[in-house]
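Some notes on the structure that comes next.
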Amino acid sequence: MKIAVFGASGYTGRLVVAEARRRGIDVVLVGRGAERLRAAASDAGFQDAETRVADADDHDALVAAFRDVDAVVNCAGPFARWGEGVVRAAIAAGSHHVDISGEQPYIQHIFDTFGAEAERAGVAVLPGITDDGLPSDLITALTAARAGGEAEEIAIAVDIVSGGASRGTIRSMGAIQDTLIDGGLGYENGELSPRATARRKDIVLPGGSAPTAVVRFPLPAVVTVPRHVSTRHVEGLASQGVYELFARLSPELAEQVPEGPTAAQRQSMRWAFAVEVLGADGRSARGEVRGSDAYGTTAVIAVEAARRLAADGAPAGVLAPAQAFDAAGFLDFLGDHGVSWSVSDARQV
């Protein structure tokens, strides 16, 4: 098995390389600068790792870099700027592809653009495989199943205790400031739209005992969940504090901060999702998933997703996490990395 990591010299890219090294997976480091790639390999204890120089805008060089690998993990954002070229090259090379984007418009664009192309190539393309995109999608699949499978309404809410953000995260969020301010897409009656009706004003966040006021928020799961759950309505939510935290991020800020959080800051991070599903038959269910160290967890998730695609395969096309992986099995795997989850019946949504 061989996995290529594009953007391997970046903050999260280095964590992905280190996680692959820890697990004994053969990694090819790909990026724009040979010297930075060699430094990233050395930092991960991968001094003899193969490095390949390719720019995101150089299709032929990227295809050559990905030609003999089983899967590509793209860690280079903003993905609205760099991501499409990497997807196109991975498909052309016949390699599975995952990326760590949290950019809702980009994730929707990949679904809209590359489904038929990936199917013809016989590869799986999974955008948004991060600490927020994958766990929230999988826990929603399990919660919807508890509520009967077919849903009238799905509410997905995020809660975050931040320990700082990487430059890459700041640049990515800065690139979608208009989306953040508008609250992103909602899903209503078969259509993703910024004009979808906002139904929820509050929700009990994980660990809470009383409802917290929330606003609409551009979560990746709003795009992915309708791919595998039959539902009339999905909305992403966040507390006002989380919304303001991300709304403050800008490209200018990225040039004023360190490359990323320290190890101690990462350990102070907490993230959680609450999912409430009202089933079409009136049953309702609630799911929660929680974790820490968003960047370390993202590295674990990305490597494991690429490994599973390489080892086990998946249906060809652009897929949501729950379409590619067993939801409970993947979440249980993450239990060894500080992630916990639960699904239960609920009286009402």
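Within segment 171-183, being within 16 Å of the chain's Cα centre (by Cα) and part of a loop (DSSP other than H, G, I, E, B) holds for one residue alone: Ile176.
For the structure I just gave you, tell me whether Ala121 is open to solvent by 10 Å² or more (accessible area, probe 1.4 Å) and in contact with a His (Cβ under 8 Å, 6 or more places away or on another chain). The answer is no for Ala121. Strands (runs of 3 or more DSSP E) fully within segment 188-246 that include at least 2 residues being open to solvent by 30 Å² or more (accessible area, probe 1.4 Å): 191-193, 212-216.
Just need a number here: residues in segment 322-334 that are closer than 18 Å to Ser292 by Cβ and either open to solvent by 40 Å² or more (accessible area, probe 1.4 Å) or β-branched (Val, Ile, Thr) (or both).
Here the count works out to 2.
The values are calculated or read from the model by the stated rules, or taken from the named source; none is laboratory data. Only a predicted model underlies this, so the values are computations on that prediction, with no experimental measurement involved. Note that we place each Cβ from the backbone using ideal geometry, even for glycine, and neighbour counts take in every protein chain shown. With ligands, DNA and RNA removed, areas are computed over all heavy atoms of the protein, side chains included. Shrake-Rupley method; radii C 1.70, N 1.55, O 1.52, S 1.80 Å.
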